[in-house]
Amino acid sequence: MKIYEKAPAKINLMLDVLYKRPDRYHEVEMIMTMVDLADRLEMSELPRDTIIISSQAGYIPLDEKNLAFKAAKLIKERYKVPSGVYIHLDKKIPVAAGLAGGSSDAAATLRGLNRLWKLGISDAELMELGAELGSDVPFCVTGGTALATGRGEKLTPVANPPQCWVILAKLPINVSTEEVYGRFRSDRITKHPSASRMIQALDSGSFHGMCQELGNVLEEVTLQMHPEVAHLKETMLRLGADGVLMSGSGPTVFGLVSKESKVPRIYNGLRGFCKEVYAVRLLT
Ligand code: ATP
């Protein structure tokens, strides 16, 4: 038997860092939603007690460092499953891009193996397992749109954004999430985005309001380290995007666009200097 799962990318509509906790994690406030750019996972049962990962992407680990491997190992051990699994990852989400590709693969693995091995685990339990793998994994288990607090694992569902186009662009630079958080200084932040105002905009279904409330305090760090990301943001705005923001710790920048007729111009304009550009819809 084969099981297929889609693992969509997430974007942050807002991201605020409140303070550094004694356990060295940062206390955050984020509103996250998913976009229709997804990895595809194929899982099949193996009679032997082993986990095998393959992928067409040559640039991710395929051993026990892969988040899908970690998720399979965790669920297998916790629920004492004697058989093994072969997982093929068809990667479409850019890696180390601020789009939670690895976390979404881990969440899709938890959902898929719950079905493959008929374990009957509730979403709430899957989310708890997910939290052991990474802060973004619980959100990726259920998706939708949510306010995430704590280190990102405490979730409250909020209204889905109004449907629109999302143009994603990733420059060929690598940004380490750890390094960005390490360099973050809260005293340098002059303007914090507001979760409550973003929630209000979503509640009222206001596309314009949502664009106005976009904000990510980590831009302060990443844009300083990589000024070309700031340039990419400016270019997207100049080409006609209605709202533009860096996702997570970057370097991916996304632009929200309400009018479909504007999409080709923005997409083609960005393709001129950025190889990885995607025009997708929100997954709402
Ligand atoms: P986040 O937004 O959650 O910080 P990200 O989009 O910045 O995540 P990922 O694409 O999840 O980053 O990759 C982060 C690191 O995890 C990479 O260095 C990669 O080698 C490793 N990794 C492990 N498993 C996977 C996987 N299944 N897919 C992608 N990367 C993986």
Please go through the stretch 33-51 and pick out each residue that is touching a residue at least 40 places away in the same chain (Cβ under 8 Å) and open to solvent by less than 40 Å² (accessible area, probe 1.4 Å). Thr33, Met34, Val35, Leu37, Ala38, Asp39, Leu41, Met43, Ser44, Leu46
Val166 fails exactly one of (1) buried (at least 17 other Cβ atoms within 10 Å of the Cβ); (2) among the aliphatic types (A, V, I, L, M); (3) within 27 Å of Glu27 (Cβ to Cβ), namely (3)
In the stretch 95-124, residue surrounded by the most Cβ atoms within 10 Å (Cβ to Cβ) [restricted to those that are touching a strand residue (DSSP E or B) at 6+ places or on another chain (Cβ under 7 Å), modelled with pLDDT of 95 or more and part of a loop (DSSP other than H, G, I, E, B)]: Ala100
Return yes when Gly255 is out of contact with any Phe, Trp or Tyr (no Cβ under 9 Å at 6 or more places or on another chain) and either in the same structural domain as Arg151 (by TED's automatic domain parsing) or of a type in the set (Gly, Ala, Ser) (or both) and no when it is not. no
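Inside the stretch 33-51, can you point out the residues that are part of a strand (DSSP E or B) and away from the ligand (no atom under 14 Å from the Cβ)?
Let us first name the residues in the stretch 33-51 that are part of a strand (DSSP E or B), namely 33-46, 51.
Those that are part of a strand (DSSP E or B) and away from the ligand (no atom under 14 Å from the Cβ): Asp36, Ser44, Glu45, Leu46.
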Of all the residues that make up the stretch 90-105, how many are touching a Lys or Arg at 6+ places or on another chain (Cβ under 8 Å) and more than 6 Å from the ligand (Cβ to nearest atom)? 4
How many residues are closer than 30 Å to Val180 by Cα, more than 7 Å from the ligand (Cβ to nearest atom) and open to solvent by 60 Å² or more (accessible area, probe 1.4 Å) when one looks only at the stretch 64-89? 3
Can you pull out every residue in the stretch 243-258 that is more than 14 Å from the ligand (Cβ to nearest atom), in contact (Cβ under 8 Å) with a residue 60 or more places away in the chain and over 13 Å from Lys170 (Cβ atoms)? Leu256, Val257, Ser258
Please work out which residue is nearest to the ligand (Cβ to nearest atom), limiting yourself to the stretch 265-280 and to residues that are assigned to a helix (DSSP H, G or I) and either open to solvent by less than 10 Å² (accessible area, probe 1.4 Å) or free of Cβ contacts under 8 Å to residues at least 12 places away in the same chain (or both). Leu270
Could you please find all residues in the stretch 189-218 being surrounded by fewer than 20 Cβ atoms within 10 Å (Cβ to Cβ) and closer than 16 Å to His26 by Cα? Ile189, His192
Output for the stretch 163-209, where each listed residue is assigned to a loop (DSSP other than H, G, I, E, B), away from the ligand (no atom under 16 Å from the Cβ), over 17 Å from Leu245 (Cβ atoms) and in contact (Cβ under 8 Å) with a residue 40 or more places away in the chain: Gln163, Gly205
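Does Ile11 meet the test of being within 30 Å of Ser196 (Cβ to Cβ) and among the hydrophobic types (A, V, I, L, M, F, W, C)? Give the derivation first.
On the way: within 30 Å of Ser196 (Cβ to Cβ): yes; among the hydrophobic types (A, V, I, L, M, F, W, C): yes.
Yes.
The values are calculated or read from the model by the stated rules, or taken from the named source; none is laboratory data. Bear in mind the structure is a predicted one, so any value in this text is a computation, not a measurement. In this analysis, Cβ positions are derived from the backbone assuming ideal geometry, glycine residues included, and neighbour counts consider all displayed protein chains. Areas reflect the complete protein model, heavy atoms only, side chains present, ligands, DNA and RNA absent. Shrake-Rupley method; radii C 1.70, N 1.55, O 1.52, S 1.80 Å.
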